[in-house]
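For reference, the structure discussed in these notes is given below.
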Amino acid sequence: MDSSQLKESNPPPAPSNEGSFHRGCQPSVYFDALSKGLPKPCAEPVPRRFSREEYYRMGEAGIFAPDEHVELIQGEILYMAPQGGPHFTGTRAAEEALRAAFGAGFDVRPQGPLALGLSSEPEPDIAVVHGSFRDYEDDHPTSALLVVEVSESTLVYDRTTKASLYASAHIADYWILNLVEDLVEVYRSPKPDPTAPFGASYGQVTLHKRGDVVSPLSAPQASIRVDDLLPRRRGEL
């Protein structure tokens, strides 16, 4: 989230009791039980989660430092790790390859927000959406044709939490540029999955190594070389 994207200037949200208690255990229920000497209806603390609206207002209020890179995932505000050279190179490589593959009529957005529901606003390394960047001057896209994450230290997180988030948003095509194993992972066919973090996962996962080609679901005529998506191997000119 970049605070420069925010236009309005409102005070930060007042703390809310909602979210500070287990579901079904609002403050009135909790204190009524205490007054009657009954067992506490919710003994364990739970996280205070934020909506996208609250998240924006926090940015407007200057709560996040200008150099802080954060994103909102299911109501939780997460700090993102600084980008190393390979990560940035992978992002730029994917951006160039996908611009060529999709052509006119599509916007390839590097690290731009996606408004996924009321409480999530991830900033994937690449998201491909319909139209032009000017179509989203007032609101962020609410879905994407393709999402790409460049993964090194975040590989497990991107395979589990991020994959479930994107599957729950019905994003049909999700790619991970796996810098650890030097390949591209392609996730498709989102489906309900009660064991996944956000209740959904991908039913199809394929691995593509250097020398292979991969085509986006929304641009099947394009054949993208895996080598064009990944940073060069160390020592390679």
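The values are calculated or read from the model by the stated rules, or taken from the named source; none is laboratory data. This one's a predicted model, so the numbers in the text were calculated from it and none came from an experiment. Cβ: placed from backbone, ideal geometry, glycine included. Neighbour counts: every protein chain shown.
Scanning the stretch 80-113 for residues being out of contact with any helix residue (DSSP H, G or I) (no Cβ under 9 Å at 6 or more places or on another chain) and under 18 Å from ARG159 (Cα atoms) gives a total of 3.
Within 12 Å of the chain's Cα centre (by Cα), under 21 Å from ASP107 (Cβ atoms) and among the small types (Gly, Ala, Ser), is that true of ALA219? Full working, then the answer.
Working: within 12 Å of the chain's Cα centre (by Cα): no; under 21 Å from ASP107 (Cβ atoms): yes; among the small types (Gly, Ala, Ser): yes.
Spelling it out, it is not the case that ALA219 is within 12 Å of the chain's Cα centre (by Cα), under 21 Å from ASP107 (Cβ atoms) and among the small types (Gly, Ala, Ser).
From (1) among the acidic types (Asp, Glu); (2) under 19 Å from the mean Cα position of the chain (by Cα); (3) assigned to a helix (DSSP H, G or I), pick out the condition that doesn't hold for GLU185. All conditions are met except number (3).
Take the conditions in contact (Cβ under 8 Å) with a residue 60 or more places away in the chain, in the same structural domain as ALA219 (by TED's automatic domain parsing) and within 19 Å of ARG109 (Cβ to Cβ) and apply them to LEU179. Does it pass? Criteria not met by LEU179. Residues in the stretch 213-221 include at least one that is at negative phi, in contact (Cβ under 8 Å) with a residue 40 or more places away in the chain and buried (at least 21 other Cβ atoms within 10 Å of the Cβ). Each residue in the stretch 63-97 was checked for being in a loop (DSSP other than H, G, I, E, B) and either without any contact (Cβ under 8 Å) to a residue 40 or more places away in the chain or within 25 Å of LEU118 (Cβ to Cβ) (or both), and 11 pass.
I'm trying to understand the selection: among the residues of the stretch 98-129, which are part of a strand (DSSP E or B) and in contact with a Leu (Cβ under 7 Å, 6 or more places away or on another chain)? So that I can check it myself, show each step before the final result.
Just the residues of the stretch 98-129 that are part of a strand (DSSP E or B), to begin with: 106-110, 121, 126-129.
Matches in the stretch 98-129: VAL108, GLU121, ILE126, ALA127, VAL128, VAL129.
I'd like to check something: does the stretch 60-82 contain any residue that is modelled with pLDDT of 90 or more, of a type outside the set (A, V, I, L, M, F, W, C) and more than 22 Å from LYS162 (Cβ to Cβ)? Walk me through it before giving the result.
First, the residues of the stretch 60-82 that are modelled with pLDDT of 90 or more: none.
Looking through the stretch 60-82, none of the residues is modelled with pLDDT of 90 or more, of a type outside the set (A, V, I, L, M, F, W, C) and more than 22 Å from LYS162 (Cβ to Cβ).
The lone criterion from (1) in contact with a helix residue (DSSP H, G or I) (Cβ under 8 Å, 6 or more places away or on another chain); (2) buried (at least 19 other Cβ atoms within 10 Å of the Cβ) left unmet by LEU183 is number (2). Would you check if TYR79 is under 23 Å from PRO192 (Cα atoms) and among the hydroxyl-bearing types (Ser, Thr, Tyr)? For TYR79, the condition - under 23 Å from PRO192 (Cα atoms) and among the hydroxyl-bearing types (Ser, Thr, Tyr) - is not met. In the set (1) surrounded by fewer than 17 Cβ atoms within 10 Å (Cβ to Cβ); (2) more than 12 Å from the chain's Cα centre (by Cα); (3) in a helix (DSSP H, G or I), the condition left unmet by TYR157 is number (2).
Every residue, every condition in (1) at pLDDT 95 or above; (2) surrounded by fewer than 16 Cβ atoms within 10 Å (Cβ to Cβ); (3) among the aromatic types (Phe, Trp, Tyr); (4) at positive phi, yes or no:
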{"residue": "ILE126", "(1), (2), (3), (4)": "yes, no, no, no"}
{"residue": "TYR136", "(1), (2), (3), (4)": "no, no, yes, no"}
{"residue": "SER189", "(1), (2), (3), (4)": "yes, yes, no, yes"}
{"residue": "PRO192", "(1), (2), (3), (4)": "yes, yes, no, no"}
{"residue": "TYR202", "(1), (2), (3), (4)": "yes, no, yes, no"}
{"residue": "VAL226", "(1), (2), (3), (4)": "yes, no, no, no"}
{"residue": "LEU229", "(1), (2), (3), (4)": "yes, no, no, no"}
{"residue": "GLU236", "(1), (2), (3), (4)": "no, yes, no, no"}
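Against the conditions (1) in the same structural domain as ILE176 (by TED's automatic domain parsing); (2) farther than 22 Å from ALA222 by Cβ, ASP107 satisfies every one except (2).
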